[in-house]
Structure formats: C-alpha cells, structure tokens
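Take a look at the structure below.
What follows draws every value from the coordinates through simple rules; no lab data is involved. None of these values were measured; they are calculated from a predicted model. All Cβ positions, glycine included, derive from the backbone under ideal geometry; neighbour counts span all protein chains shown.
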Amino acid sequence: MAEKRLNRQNALTVICAAILVGTEIIAAALALGWAVGGLTGWGQEFTWGLVALCLLAGIYLTYRFVRGAAKVEPLFD
C-alpha cells in the first residue's frame with residue numbers, strides 16, 4: 001500500500017483559514033457571553049458562566065469548521 005504524503009498547500013490553506021475563522025468565532029462567542037451577561041444584570045458569576053458556555057460553543061464551532069475544511073481540502077494525497 002502506498003504511503004500517503006502530506007499536501008502542504010492544502011494543509012497551509014486549512015491552517016490559515018482555521019486561525020482566521022477560529023479567532024473570529026471565539027471572539028464573537030466571548031463578546032456574546034459578556035454582552036448578554038452584562039445586559040441581564042444577574043451578577044458576575046452568571047456572566048462568567050455564560051462567557052464560559054459561549055467559549056465552549058465557539059471552540060466546538062471552530063472544531064467543526066476545521067473538520068469541514070479538511071474534507072474539502074484533502075490534507076493527504
């Protein structure tokens with residue numbers, strides 16, 4: 001069986017897109033948690049909990065994006 005070789009151009013594309021999109025998704029998720037927590041006025045603990053939940057959601061969405069990008073741009077030949 002032939003050894004798979006890394007397609008460097010596709011890998012670089014996926015990595016760069018993951019950095020760009022992942023940063024935007026995580027920043028937007030953190031801003032959402034902070035804004036909603038601040039607007040509700042339910043206290044600092046609630047706000048930090050909401051920020052943490054939004055951060056987890058942002059990380060999950062970034063993971064899904066990277067998986068989808070790796071399917072479109074095959075990393076190995």
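Which of the residues belonging to the range 1-27 are without any contact (Cβ under 8 Å) to a residue 24 or more places away in the chain and either of a type in the set (Ser, Thr, Tyr) or more than 16 Å from Tyr60 (Cα to Cα) (or both)?
Once the filter is applied, which keeps residues that are without any contact (Cβ under 8 Å) to a residue 24 or more places away in the chain and either of a type in the set (Ser, Thr, Tyr) or more than 16 Å from Tyr60 (Cα to Cα) (or both), the range 1-27 yields Met1, Ala2, Glu3, Arg8, Gln9, Leu12, Ile15, Cys16, Thr23.
Taking the range 28-54 only, how many residues are free of Cβ contacts under 8 Å to residues at least 12 places away in the same chain and of a type in the set (A, V, I, L, M, F, W, C)?
Going through the range 28-54 one residue at a time, the tally reaches 6.
Quick check: is even one residue across the range 42-65 surrounded by 11 or more Cβ atoms within 10 Å (Cβ to Cβ), in contact with an Asp or Glu (Cβ under 6 Å, 6 or more places away or on another chain) and not in a loop (DSSP other than H, G, I, E, B)?
No, the range 42-65 contains no residue that is surrounded by 11 or more Cβ atoms within 10 Å (Cβ to Cβ), in contact with an Asp or Glu (Cβ under 6 Å, 6 or more places away or on another chain) and not in a loop (DSSP other than H, G, I, E, B).
Output the residue which, of all residues in the range 67-77 that are surrounded by 15 or more Cβ atoms within 10 Å (Cβ to Cβ) and part of a helix (DSSP H, G or I), is farthest from the chain's Cα centre (by Cα). Even if it seems obvious, please write down each step before you answer.
Filtering the range 67-77 down to residues surrounded by 15 or more Cβ atoms within 10 Å (Cβ to Cβ) leaves 69-70, 73, 75.
This time we only want the ones that are part of a helix (DSSP H, G or I), so: 69-70.
Values: Ala69: 12, Ala70: 14 Å.
Of everything passing the filter in the range 67-77, Ala70 is farthest from the chain's Cα centre (by Cα).
Report, by residue number, each residue of the range 1-27 that is in a helix (DSSP H, G or I) and loosely packed, with under 13 Cβ neighbours inside 10 Å.
Hits for the range 1-27 are Arg8, Gln9, Leu12, Cys16, Ile19, Leu20, Thr23, Glu24, Ala27.
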